[in-house]
Amino acid sequence: MALFGTNKLASVDPKTLKLTEHALPNGSRPRRVDVTTDGRLYYVDYLRGFLGRLDPKTSMIDEWEMPSGRGARPYGMAVDSKDRIWFVETGRLFKRQGTAVESQVLPKVTLKYQTKQPGLSQ
C-alpha cells in the first residue's frame with residue numbers, strides 16, 4: 001500500500017499481519033500500487049513521474065521514468081491478468097498523432113499509454 005503524502009510503501013505479511021514500511025527515493029510520492037503474480041509491488045510516483053517496482057522479499061527498488069517525465073503526473077495504474085502494467089499520465093497531453101503506444105521496458109511487462117485524446121492538444 002502507498003502511505004499517502006510520504007515517500008513510503010508498506011507491505012503486510014499475511015501470516016503474521018506485520019506491517020513493514022519501505023522507503024522510496026527522496027521526493028517520491030507514490031499514488032497507486034498493484035501487485036504482479038510474482039509478489040512484486042508496482043507503483044506510480046505522482047510527483048516525479050516514475051513507474052517503480054518494489055520486491056518486498058529483497059527490498060530492492062527499480063524505477064523507470066515515464067514518457068512525459070516529471071510532468072507525467074501518473075494517477076491510476078493496474079496490473080492485468082497477464083501481469084501487464086497499465087498506467088495513466090494525467091499531467092500532459094500529446095501533440096503527436098496516434099491512438100496508443102506500446103513499449104517493452106521490463107521483462108515480461110508491457111507498458112501501454114495513451115498518446116492522444118480526441119479533441120485535445122497541448
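Going by the structure shown, is L41 touching a Ser or Thr at 6+ places or on another chain (Cβ under 9 Å), under 21 Å from G91 (Cβ atoms) and surrounded by 12 or more Cβ atoms within 10 Å (Cβ to Cβ)?
The answer is no for L41.
Counting the residues of the range 40-60 that are under 9 Å from the mean Cα position of the chain (by Cα) and β-branched (V, I, T) gives 1. Within the set T58, T37, T6, T16, the sole residue that is assigned to a loop (DSSP other than H, G, I, E, B) and in contact (Cβ under 8 Å) with a residue 40 or more places away in the chain turns out to be T37.
Applying the condition of being outside any loop (DSSP other than H, G, I, E, B) and without any contact (Cβ under 8 Å) to a residue 40 or more places away in the chain to the range 40-55 and asking which residue is farthest from Y75 (Cα to Cα) yields D55.
Considering only residues that are surrounded by 14 or more Cβ atoms within 10 Å (Cβ to Cβ) and assigned to a strand (DSSP E or B), look in the range 19-34 and name the one that is farthest from the chain's Cα centre (by Cα).
In this case the residue turns out to be H22.
Among the candidates R73, R96, the residue that is crowded, with 17+ Cβ neighbours inside 10 Å and either modelled with pLDDT under 90 or of a type in the set (K, R) (or both) is uniquely R73. Does L41 count as of a type in the set (A, V, I, L, M) and within 24 Å of K82 (Cα to Cα)? Considered against the rule, which asks whether it is of a type in the set (A, V, I, L, M) and within 24 Å of K82 (Cα to Cα), L41 comes out as yes. If you take the residues of the range 47-70 that are surrounded by 20 or more Cβ atoms within 10 Å (Cβ to Cβ) and touching a strand residue (DSSP E or B) at 6+ places or on another chain (Cβ under 7 Å), which of them is farthest from K18 (Cα to Cα)? It comes out as M66.
The values are calculated or read from the model by the stated rules, or taken from the named source; none is laboratory data. Worth saying up front: this structure is predicted, and the values here are computed from it rather than measured. Cβ sites come from the backbone with ideal geometry, for glycine too, and all protein chains shown count toward neighbours.
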